[in-house]
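Have a look at the structure below, then the notes.
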Amino acid sequence: HRLLEQRLPQALRHAAVQRLARLPELLDKIDCMSLADPQQRRGVLLAHRASGRPEGGRLVPAFLADADEDVRLLAAKWVADQKLAAHRAVLVDRLEDPKLSVRMYLAYLSAMGRIDNQDVSEMKMADHFVSVLTDPASSSELRIMALRQLQAPHWRLTVGAPDKGLTDAAAQHGFKLA
């Protein structure tokens, strides 16, 4: 797994991932969660995914909980691309994290949409964010995260005035709602 280190050229790391994916006996011996280098953990994740073996799929919850955001992002992409419905509950749980980055919020939400065979186009995602914004039951953190996802004015935001909770939360994060 030294061939997966950050300091090595990307082409060499890619070749190492592909080779490791074809050597299940070696791949199974690597305790990826004990690797200090996140680049190595990313490489092991990619090797497990490329191997197509069910043993790798059992590691997905650990990858979704990894300290490195890029590892979590790759795990969410794996779940989305393969529609790994067994991991949907983990995604739902991760969405409740108030410290979740906007990038990961979108990744987890997209993965859930793919699992549920829903449209995850930009417009459908924008509709979801507006629903979160206009739902008074949504937490301020969640509403701000949804607001950050909206790239341009959305037709549903022009109807009615935002409630005081959203206006106050937006102001704390540098947004001004008119």
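Heavy-atom accessible surface of residue 45, to the nearest 10 Å², is about 0 Å², with a 1.4 Å probe and all protein chains retained. Rounded, prolate or oblate, given the Cα gyration tensor of segment 80-157, with a/c below 1.5 counting as rounded? Judged from the Cα gyration tensor, segment 80-157 comes out oblate (a/c at least 1.5, b/c at or above a/b).
Per residue, the solvent-accessible area of segment 1-126 (1.4 Å probe, heavy atoms of protein chains only, all protein chains present) comes to 55 Å². Residue 25 contributes about 110 Å² of solvent-accessible surface, heavy atoms of the protein only, 1.4 Å probe. For a straight C-alpha distance cut-off of 15 angstrom, the aspartates and glutamates reachable from residue 29 (same-chain residues fewer than eight places away being disregarded) are 55. One chain, two ends: residue 62 and residue 19. Fully extended at 0.36 nm per residue, the span grows by 13.2 nm beyond their Cα-Cα distance. Of the residues 127, 135, ranked by 1.4 Å probe accessible area with the largest first, the sequence reads 135, 127. Within segment 52-109, all pairs of alpha-carbon atoms sorted by distance into 5 Å bins from zero give the percentages 4, 20, 36, 26, 10, 3, 1.
For segment 39-53, 3J(HN,Hα) computed residue by residue from phi via the Karplus equation (6.51, -1.76, 1.60; θ = phi - 60°) reads 5, 5, 5, 4, x, 5, 4, 4, 5, 4, 4, 5, 5, x, 7 Hz, glycine and proline entered as x. When the square roots of the Cα gyration tensor eigenvalues are ordered a ≥ b ≥ c, the ratio a/c for segment 87-126 is 1.5 or more and a/b does not exceed b/c, which makes its shape oblate.
What a 1.4 Å probe finds exposed on segment 78-158 is 52% carbon and sulfur by accessible area, rounded to a whole percent.
The values are calculated or read from the model by the stated rules, or taken from the named source; none is laboratory data. Remember, it's a predicted structure, so these values are computed and weren't measured experimentally. For accessibility, only protein heavy atoms count, side chains too; no ligands or nucleic acids. Shrake-Rupley method; radii C 1.70, N 1.55, O 1.52, S 1.80 Å.
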